[in-house]
Amino acid sequence: MNAASAKTFHRIPLGGGATLLAKRRSALPSVAVAAFVRGGTAYETEESNGVNAFTHRAMIKGTTSRTSGEIARESELFGATIVPAYGADFSGISFQTLARFLDPAFEVFADLLAHPAFPAAVVESERSLLLADIVQEEDEPFQKTSREFQRALFGADPYGLPGIGTAGSVRNLRREQLIAWHERFYRAENLLFVVVGDFDEASVVARARALLEALSDAHPRGASRGRIADSAPAPPPAVTFESLASPREVVLERDVNQDVLLIGFPGPAARHEDAYPLQVLSAVMSGMGNRLFVALRDREGLCYYTGMYYRPLARAGVIGAYIGTSPEKEDRARAALDREFARLLDDGVGADEVVRAQNALIGHAAIGRQTNGAEASLAARYELLGLGFEEADRYEERVLAVTPDQILGAARRWLRPDRRVLAVTRPKRGPG
Amino acid sequence: MTRPLATRILPNGLTVVVREDRKAPVVTVNLWVRVGANHEDDSVLGWSHGIEHLMFKGTARRGPGVAAREVRDAGGVLNAGTGYETTNYYITVPTRSLRVAFNVQADAIQNSAFDEAELDRERSVIIEENRMYRDQPSGFGHTWEKLMSLAFEVSNYRRPIGGPDESLRTTPRDAIVAYRDRRYVPGNAALVIAGDVAAAEALALAEAAYGGWRAAPVPDAALPVEPAQRAARFRAAPGPVAKCYVKMGWRAGPETDRDTYAILVLVRLLARGRSSWIHQELLEKRGLLSEVSVLQETGSRESIFVLDMVTDLDALDPLVLGVDEGIARFRDALATEEDLERAKNFMVRSHVLAQETVDAQAHALGHAFARGDVTLADRYPEIVGSITRDDVRRVAGAFFDLPQCSILVHHPEAAGRVERPAALVRRPGPS
């Protein structure tokens, strides 16, 4: 490892509740920068659905002093593509570039965060693009099935809402709502900056502080039509799993060559004690040479892809298994997936399987953390979840602590038949 | 910034390339073979890709699936990719598992059994993979295959990598094995190792793992090349889609030509990134499309560059006209100095960011080997830096005229018959 590189992040308070996580890695002259807020689709309602994505996509397309074209040309001249991220719990803006371009690229980035103008023409153009994306999803069987699966899984909870909104909600969103959304979430006490790579820490700290000042000048506390409270936005209420206790099936009929089938359950939140056992369980079930792959692909030739995942969110999680298979094989694939779940709930997992899954997870984490961008996202995620970036450094220890009993317990708690959700896209079936 | 390459050609003809990189405790071992769909004759269509699947279905020492499991148990990732010109097999592992990577891969490449029963089971897996692509309307899915069969009439690029289902169902084992044995010879391959290992150690491990791979004559690489195109080609493909997927493709020469780098600058200015002309003018200002990207397939004899766009059918005519207007800006006048600087800065930045992972480094080196010169991977910034505004104008004129274009439109069935875009009717080609 390079001597000039730091082993871990350094947490720097910026004032007003904002934080900067910094990690120096100087082997390459590149740098990744991100700003995140706690805020996302989970804070929306059916009516405002899509406002978070809309706001973030429009934020990078016009400030009080730069047009969309100027932002694009200037940032790309400095080797940066500034991209928005809009998730269920967290959102933000990030870029990567060469170390020598960090200062001028950061200047554009700061302008987008502090002074987005949401020009009316940009809002209308972005609305059309969002509506086009919503229609396009109808043409992408896996995305569409996943979307409907998530809807069915979470019922009326905002976790079930599609991130990009629906045609109905996006058509009705107003420019003022985007401005208000930005004001509500982009506040010092709700902001986290992350920088990884080859940079000068003092200079980045100074630039981030200047950005915060610009932000507070733009949105003075307590002012601005009295909409802004003096504290970070309250998180949405906890997911009430009891309301989800009934099995559901969603069938989408499309003229597809291959069925897409998802079976799953609502799962625990990222900070739940079952989170690591479920991650290890997913690794036992999926990946080449593991349970689903061997049973469904190697032995029966039912599919090209199949797997299981656990996606932890801030207030709940998603446990899912998926397969793409020919329409005439769907019944066999369903039966095989059900059989694997039943086997798991009856017999649990073997100690050797757990050791192998632990090795895989730990190795894959090292492979996945090579890029500055990945390192920044990972640290930000743990920090925003309230676990602290240190959780990334404890990952190996956490994974190794998981036992077969914990996995069986977690599986029985969460893979409950009364909460099972199935979503499938398939061609229309003939009578009989 | 990057350490020099260590290269060696083993006595059996295998090229070994090592990039020592100690940034992270991971290593990748990536074997590149010059075999792909373009090398197939009609008796083995789709089996370059099929062979890639069969390499993990068992050897004398390892049962079916054991190779993948061994790598995973060691914390590693194993996968492979088949293209028109190459197939590559990579295993990326934490440093401590480096020997597992060499052992598993060398065993699979040299000793795969291609057991008849395993082969039969795998046929349906490969067909499922093809079905998955057919349900993807953009990118390298359904419309890619249709565009390639339109843009190429003579060259083997006209055929899909996945092959026809019938060939996957019925090609006998003997034909598959004979094809493999002809193409999988050490003189036709390169082993690229990148990551946390000393070059000398990597070379020694490579020799131990692959030194016994039996030498054999390197197969002939002569393949038909597509003749010049004189008139625009158009095909409408109705399907069960809600949006309209448009691909516009232009063919060019070998990847190793300097022109290719000028084309990369041109397509960046035209359609890559939010500052590109199509993005700013056609997408943001005129609202003629909702998505644009550039796909490319660059080979040692010929190449193609494809604009991949999502739109609605009523915008098709102005969209095609608009794309040609954008190209004309770079064909009829010089790009500005700032345009050129922006494109180059971004390309060099992407090259540097690709050095962050061992996989991307090995991929660039293996790809360059397959195109005939492994040093091209490291010379990328220097060659891009040498491209001038005149170069960009020249390639826009030489390769990107409308008569040289092939257009594929995948549209909703309900639209009925879709006619050639007006721009093509006006300028079909030389009379």
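What follows draws every value from the coordinates through simple rules; no lab data is involved. Quantities reported herein were computed from a predicted structural model and do not represent experimental measurements. Note that each Cβ is placed from the backbone with ideal geometry, even for glycine, and that neighbours are counted across all protein chains shown.
Data for the structure
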read-out	value
The protein assembly as shown pair-distance distribution - Cα-Cα, 10 Å bins, rounded %	2, 12, 20, 27, 25, 12, 2, 0, 0
Region B:6-210 - percent relative contact order, Cα under 8 Å, separation 6 or more	39 percent
Volume in Å³ per residue [convex hull over Cα atoms, computed for region B:233-426]	126 Å³
Cβ neighbours within 10 Å from other chains - mean over A:296-307	5
Whole-angstrom Cα spans of chain A along principal axes, big to small	64, 53, 38
Among B:ARG233, B:ARG274, B:ARG301, residue whose mean-square fluctuation peaks in a GNM of chain B (springs only between Cα atoms under 10 Å)	B:ARG274
Vicinal HN-Hα couplings computed from phi for region B:192-209 (Karplus, 6.51 cos²θ - 1.76 cosθ + 1.60; Hz; Gly/Pro x)	10, 10, 9, x, 7, 8, 5, 4, 5, 5, 5, 5, 5, 5, 5, 5, 5, 7
Rounded, prolate or oblate (a/c below 1.5 giving rounded, otherwise prolate when a/b exceeds b/c) for region B:133-197 by Cα gyration tensor	oblate
Mean shadow area of region A:68-160, taken as a quarter of the surface of its Cα convex hull (nm²)	8.0 nm²
Base-10 log of normalised Debye intensity for region A:322-392 (one unit scatterer per alpha-carbon) at q = 0.27 Å⁻¹	-1.08
Magnitude of the charge dipole, region A:100-148, Cβ model with Lys/Arg +1 and Asp/Glu -1, debye to 20	120 debye
From phi via Karplus (6.51, -1.76, 1.60), per-residue ³J(HN,Hα) for region B:160-177 in Hz, x at Gly/Pro	x, 4, x, x, x, 3, 4, 5, 5, 6, 10, 4, x, 3, 4, 5, 5, 5
Low-density loop cleavage sites - GluC sites (Glu not before Pro) in region A:155-204, where at most 14 other Cβ are within 10 Å (DSSP)	none
Residues with amide H under 5 Å from that of B:ALA242, placed H, sequence gap 5 or more	A:ASP139
Measure of compaction for region B:6-210 (Cα Rg per 2.2 N^0.38 Å)	1.06
Residue-by-residue Karplus 3J(HN,Hα) for region A:381-387, coefficients 6.51, -1.76, 1.60, Hz, glycine and proline x	4, 5, 4, 5, 6, x, 8
Part-to-part distance (alpha-carbon centres) for region B:151-165 and region B:170-195, which is given in Å	20 Å
Relative contact order for chain A, counting Cα pairs under 8 Å that sit 6 or more residues apart, in percent	20 percent
Point-charge dipole on Cβ atoms (K/R +1, D/E -1) for region B:233-426, about Cα centre, debye to 20	320 debye
Amide H within-cut-off set for A:ALA88, under 5 Å, with H built and near neighbours excluded	A:THR41
Rounded to 10°, Cα long-axis angle of helix B:116-134 versus longest principal axis of chain B	20 degrees
Separation between Cα centres of region A:261-310 and region B:363-377, rounded to whole Å	37 Å
Prolate/oblate/rounded call for region A:243-426, Cα gyration tensor, a/c under 1.5 rounded	prolate
Charge dipole magnitude, Cβ of K and R +1, D and E -1 - the protein assembly as shown, Cα centre, debye nearest 20	300 debye
Rounded to 10°, Cα long-axis angle of helix A:351-368 versus longest principal axis of chain A	30 degrees
Positive-pole candidate from A:ILE407, A:ALA392, A:GLY317, dipole of region A:243-426, charges at beta carbon	A:GLY317
Dipole axis of region B:6-210 (+1 Lys, Arg; -1 Asp, Glu on Cβ), positive-most option in B:LEU98, B:VAL154, B:HIS142	B:LEU98
Residues with amide H under 5 Å from that of B:VAL418, placed H, sequence gap 5 or more	none
For chain A, built as a Gaussian network whose Cα springs stay under 10 Å, the top-fluctuating residue of A:ALA42, A:ALA27, A:ALA379	A:ALA27
Alpha-carbon centroid distance for the pair region A:323-394 / region B:205-276, whole angstrom	35 Å
Cβ neighbours within 10 Å from other chains - mean over B:340-352	4
Förster radius 22 Å - calculated FRET efficiency between B:GLU413 and A:ARG429 (Cβ-Cβ, nearest 0.05)	0.65
Highest-MSF residue in chain A out of A:ALA380, A:ALA218, A:ALA22 [GNM, Cα springs under 10 Å]	A:ALA218
Farthest positive-ward along region A:118-275 dipole, Cα basis, beta-carbon charges - from A:ALA208, A:VAL196, A:GLY264	A:ALA208
Per-residue [θ]222 nm for the protein assembly as shown (sum of -39500 (n - 2.57) over DSSP H runs n ≥ 4, rounded to 500)	-13000 deg cm²/dmol
